[in-house]
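Written below as structure tokens is the structure these notes are about.
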Amino acid sequence: MMPAFTKGNEAIAESAIRAGLRAYFGYPVTPQSELPEYLARRLPERGGVFLQAESEIAAINMVYGAGARVMISTSGPGFSLMQEGLSYLVGAEVPCVVVDMMRGGPGLGNIAPAQGDYFQATKSAGHGDGRLLVLAPWSVQEACDLTRVAFDLADRYRNPVAILGDGLLGQMMEPVVLPAPVEPARDVAWATTGAGSGPARVITSLDLEPEALEARNRRLQEKYRRAQQEVRWEGYRLDDADVAVVAYGISARIARTAVDRARDEGVAAGLVRPITLFPFPSQAVRDVASRVRIVLVTELSAGQMVEDVRLAADGRVPVRFYGRFGGMVSTPPEILDQIEQAASEVRAA
Amino acid sequence: MDSPELATMPLPVLEPIKGVKKAPLEEYFTSGHRTCQGCESALVMKLMIKAAGPRTVVLGSTGCMYVANTTYYSTPWVVPWMHTQLGSSGSAAVGTAAGYRALMRKGKIKKEPINVISFCGDIGGADMGLSAISAALQHVDYNHLILLYDNESAANTDIQATGSTPYGAVTTFSPTGPAKRIFHTRWKKNTAAMLAAGHPECRYVATVCASYAVDFMNRVRRALTIGGPTFIHSFDPCPKGWDYDPMLSHELGELAVLTGIWPLFEVEDHTLRLYGKSKAIAEGRQKRLPVRDYLLKQGRFAHFTEDDIDYFQAKIDDMWTQWLIPGVLPFAAEVLNDTPPA
């Protein structure tokens, strides 16, 4: 199939339709608004439901209990508002896909690319002990491909799955080969689909008896342990690397160029790119950390994923960090400079 | 009032403006904004603060009137302003008014009238922030004004529909197309009347349109001088969102009133008054213009068929002929005629 030149937000929207999206609930916020705008145009044509919510709080609660494939999308401020609803979804084990095109924060911040929602996406789904499964694409094609993966994971684990992009990924256009449409076979024996002859189905996250709530939590934690098999990551030029750069999403894209330039200059650099941020590829990072002499983490934040990298590296090698934030995007020369500094640090040691 | 002290919280003295030539010359919303050509909401900000005067703190929840007025290190505001979360115009108003009251009560600042005006757009005020506004109107101890500037879309983020978008209008979230010719089938929320009816202790609620500038400023002055929380709903034509020539902003505001789509009314201490051209319409002195004159000047209604226009007209006719209080309260008069069994 010929690739189509497509904007990140629209590629995700079209991929979602082709993954069997039946309903979308949305609320405008830059830089993701093209995603609902595309679905407003295209989803009704394919028999789906596009419904505008009065707030992100409403949007996340509209997907609660939906037995069909459903999606919402937002950016940082809206993702914050959705946290309580996400906690309910996790607690009640209701699947959905949530796209967060991160922008500069905190507060209203700005509408430029950032990666400051890492903590919020990976560390908990709102309050309580729940987790989102989190996917972080670095190209429009991968955003498109991971959208389908997200729906499959959401169904498989009956858990919300987040696609964590950023303003750059959402807004940029790249050639994309769209996947063929599928009609997913789904087991929705849990969904409240209307009165029938069977026993009443109940969707709830309320357990007043501590024993029952502990049991629910154990089940969730067991699910997250099972989800470890979904870890995805990619290594680049790591075989003989002294310096391993760890970056995800658009940062990894920038870091790859810097790694190539470092190689041109004779510095043995490589790249680890986590694709699933939860579950985090801890084992992969640990293995790499055992082979290289120093790790450099780069993010469009003040340092969030770096904590997971440090935990994974577990003191094996020094872990350095370089971040730009507030909508500022690092450049390959900046990362190259950091790689060179890291390399000279280990040479001096 | 919960203490005698509060009863003496100072209120500003702002006399009604007797005509456009008597309006204050001072501007407190000046150059430095980046609103679109023909932006009526910018005029609303300008008139609002002209009426309120310099002893005013302005709070703006997220929306085009916040973003366009405070970006890239510049601002047209001469008075203090503060940005607040999208749905928080009500809460921010209460918090600020409560803060001033406490400071004055403790003698930390001079006891003097300080206006607190919190503005919000339609998606911030009539949708996400509605519960906060409702709560704010219940806190009768605090003096503040919430002004909803309604350009009938989320104009800051690329013109998405809101609860204030009129029936059938094309927005980026409600496109017309082969699957759905009319996507946005919700009728516009009757926000001001809802808030007036639902908050009987709130002393002042009004609808305004900046096309009638003196009326507009006098409603702002009344809201600020009456005491307690107050609410004003302003109807703001938006060239970008409604798709019309920017020179028509003023005319479209007038047409919305003259067609009966936007009734001008105020509720002061439980007394409802239609005013201006809306009063003339209700009293039969002004014939309502057909809605066609208003709708077809705007690209967002360009897909309307004759049937759509007729439907829209019938709904507006209902407002003026069937509603218990024409243009304000959409209850059928049957309720009043109801005779309980003996």
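Is there a residue in the stretch A:278-296 that is touching a residue at least 40 places away in the same chain (Cβ under 8 Å), in a helix (DSSP H, G or I) and over 15 Å from A:Gly235 (Cα atoms)?
No, the stretch A:278-296 contains no residue that is touching a residue at least 40 places away in the same chain (Cβ under 8 Å), in a helix (DSSP H, G or I) and over 15 Å from A:Gly235 (Cα atoms).
Residue under question is A:Arg347, and the condition is that it be at pLDDT below 95 and open to solvent by 10 Å² or more (accessible area, probe 1.4 Å); does it hold?
yes
Could you say which residue among A:Glu14, A:Glu37 is within 14 Å of another protein chain (Cβ to nearest Cβ), acidic (Asp, Glu) and out of contact with any Lys or Arg (no Cβ under 6 Å at 6 or more places or on another chain)?
A:Glu37
Out of the residues in the stretch B:225-260 that are within 15 Å of the chain's Cα centre (by Cα) and of a type in the set (A, V, I, L, M, F, W, C), state the one that is farthest from B:Leu296 (Cα to Cα).
For the stretch B:225-260, the residue satisfying everything is B:Phe231.
Only residues that are surrounded by 23 or more Cβ atoms within 10 Å (Cβ to Cβ) and either in a loop (DSSP other than H, G, I, E, B) or more than 7 Å from chain A (Cβ to nearest Cβ) (or both): list them for the stretch B:170-182, please.
Answer for the stretch B:170-182, where residues must be surrounded by 23 or more Cβ atoms within 10 Å (Cβ to Cβ) and either in a loop (DSSP other than H, G, I, E, B) or more than 7 Å from chain A (Cβ to nearest Cβ) (or both): B:Val170, B:Thr171, B:Phe173.
Somewhere in the stretch A:19-35, is a residue in a helix (DSSP H, G or I) and either buried (at least 24 other Cβ atoms within 10 Å of the Cβ) or touching a His at 6+ places or on another chain (Cβ under 6 Å) (or both)?
Yes.
Is there a residue being of a type in the set (Phe, Trp, Tyr), away from chain B (no Cβ under 12 Å), more than 27 Å from B:Ala161 (Cα to Cα) and open to solvent by 10 Å² or more (accessible area, probe 1.4 Å) anywhere in the stretch A:104-122?
Within the stretch A:104-122, one or more residues are of a type in the set (Phe, Trp, Tyr), away from chain B (no Cβ under 12 Å), more than 27 Å from B:Ala161 (Cα to Cα) and open to solvent by 10 Å² or more (accessible area, probe 1.4 Å).
Does B:Thr191 meet the test of being within 14 Å of chain A (Cβ to nearest Cβ), within 29 Å of B:Arg34 (Cα to Cα), within 12 Å of the chain's Cα centre (by Cα) and open to solvent by less than 10 Å² (accessible area, probe 1.4 Å)?
Against the criterion (within 14 Å of chain A (Cβ to nearest Cβ), within 29 Å of B:Arg34 (Cα to Cα), within 12 Å of the chain's Cα centre (by Cα) and open to solvent by less than 10 Å² (accessible area, probe 1.4 Å)), B:Thr191 qualifies.
If you take the residues of the stretch A:182-200 that are in contact with a Lys or Arg (Cβ under 9 Å, 6 or more places away or on another chain) and of a type in the set (Val, Ile, Thr), which of them is most open to solvent (accessible area, probe 1.4 Å)?
Among them, the one singled out is A:Thr193.
List pairs: first residue in the stretch A:170-187 and within 12 Å of A:Ala4 (Cβ to Cβ) and touching a residue at least 40 places away in the same chain (Cβ under 8 Å), second residue among the aliphatic types (A, V, I, L, M) and outside any loop (DSSP other than H, G, I, E, B) anywhere in the structure, Cβ distance under 6 angstrom, at least six positions apart or on different chains.
Cβ pairs passing all conditions: A:Glu174/A:Val140; A:Val176/A:Ala4; A:Val176/A:Ala11; A:Val176/A:Val140.
Determine, yes or no, whether A:Leu133 is without any contact (Cβ under 8 Å) to a residue 40 or more places away in the chain and assigned by TED's automatic domain parsing to the domain that holds A:Arg18.
no
Does the stretch A:173-181 include one or more residues that are assigned by TED's automatic domain parsing to the domain that holds A:Gln32 and open to solvent by less than 10 Å² (accessible area, probe 1.4 Å)?
Yes: one or more hits.
Can you find, within the stretch B:142-164, the residue that is most open to solvent (accessible area, probe 1.4 Å) among those that are of a type in the set (Ser, Thr, Tyr) and in contact (Cβ under 8 Å) with a residue 24 or more places away in the chain?
Ranking the candidates gives B:Tyr142 first.
From the list A:Gly315, A:Gly303, exactly one residue is open to solvent by 40 Å² or more (accessible area, probe 1.4 Å), outside the structural domain of A:Ala112 (by TED's automatic domain parsing) and over 22 Å from A:Leu146 (Cα atoms). Which is it?
A:Gly315
Using the structure shown, decide if A:Ala241 is over 19 Å from A:Tyr118 (Cα atoms), in a loop (DSSP other than H, G, I, E, B), touching a strand residue (DSSP E or B) at 6+ places or on another chain (Cβ under 9 Å) and open to solvent by less than 10 Å² (accessible area, probe 1.4 Å).
Answer is yes for this residue.
From the list B:Leu86, B:Leu59, pick out the single residue that is touching a residue at least 60 places away in the same chain (Cβ under 8 Å) and under 25 Å from A:Gly109 (Cβ atoms).
B:Leu59
Quick check on my filter: what residues within the stretch A:201-227 are acidic (Asp, Glu) and surrounded by 12 or more Cβ atoms within 10 Å (Cβ to Cβ)?
A:Asp207, the sole residue that qualifies.
Can you tell me which residue in the stretch B:63-87 is farthest from the chain's Cα centre (by Cα), limited to those that are within 12 Å of chain A (Cβ to nearest Cβ) and open to solvent by less than 20 Å² (accessible area, probe 1.4 Å)?
B:Thr84
Collect the residues in the stretch B:112-124 that are in a helix (DSSP H, G or I) and hydrophobic (A, V, I, L, M, F, W, C), keeping them in residue-number order.
Selection gives B:Ile123 alone.
State all residues of the stretch A:318-330 that are more than 22 Å from the chain's Cα centre (by Cα) and either surrounded by fewer than 18 Cβ atoms within 10 Å (Cβ to Cβ) or assigned to a helix (DSSP H, G or I) (or both); if no residue qualifies, say none.
Scanning the stretch A:318-330 gives a single hit, A:Pro318.
Restricting attention to the stretch B:282-315, which residues are of a type in the set (A, V, I, L, M), without any contact (Cβ under 8 Å) to a residue 40 or more places away in the chain and assigned to a helix (DSSP H, G or I)?
B:Val291, B:Leu295, B:Ile309, B:Ala314
Does B:Tyr212 fit the bill of being more than 14 Å from chain A (Cβ to nearest Cβ), surrounded by fewer than 23 Cβ atoms within 10 Å (Cβ to Cβ) and under 25 Å from A:Glu37 (Cβ atoms)?
Taking the combined requirement at face value, the residue does not satisfy it.
In the stretch B:93-115, which residue that is among the small types (Gly, Ala, Ser) and open to solvent by 20 Å² or more (accessible area, probe 1.4 Å) is farthest from the other protein chains (Cβ to nearest Cβ)?
The selected residue is B:Gly107.
Can we say A:Val309 is open to solvent by less than 50 Å² (accessible area, probe 1.4 Å) and either closer than 29 Å to A:Arg103 by Cβ or of a type in the set (Lys, Arg) (or both)?
In short, yes.
Every residue, every condition in (1) more than 9 Å from chain B (Cβ to nearest Cβ); (2) within 25 Å of A:Arg201 (Cα to Cα); (3) of a type in the set (Gly, Ala, Ser); (4) crowded, with 20+ Cβ neighbours inside 10 Å, yes or no:
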| site | (1), (2), (3), (4) |
| --- | --- |
| A:Pro44 | no, no, no, no |
| A:Val49 | yes, yes, no, no |
| A:Gln52 | no, no, no, yes |
| A:Ser55 | no, no, yes, yes |
| A:Ala59 | yes, yes, yes, yes |
| A:Tyr64 | yes, yes, no, no |
| A:Thr74 | yes, no, no, yes |
| A:Phe79 | yes, no, no, yes |
| A:Glu84 | yes, yes, no, no |
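Mind checking whether some residue in the stretch B:155-169 is within 14 Å of chain A (Cβ to nearest Cβ), at pLDDT 95 or above and part of a strand (DSSP E or B)?
Within the stretch B:155-169 (the criterion being within 14 Å of chain A (Cβ to nearest Cβ), at pLDDT 95 or above and part of a strand (DSSP E or B)), the answer is yes, since at least one residue qualifies.
Of everything in the stretch B:125-150, what is within 14 Å of another protein chain (Cβ to nearest Cβ) and outside any helix (DSSP H, G or I)? Give them in sequence order.
Once the filter is applied, which keeps residues that are within 14 Å of another protein chain (Cβ to nearest Cβ) and outside any helix (DSSP H, G or I), the stretch B:125-150 yields only B:Gly129.
The values are calculated or read from the model by the stated rules, or taken from the named source; none is laboratory data. These figures come from a predicted structure and were not determined experimentally. So basically every Cβ, Gly included, is an ideal-geometry build from the backbone, and we count neighbours across all protein chains shown. Please note that ligands, DNA and RNA were not included when accessible areas were found on the heavy atoms of the full protein model with its side chains. Shrake-Rupley method; radii C 1.70, N 1.55, O 1.52, S 1.80 Å.
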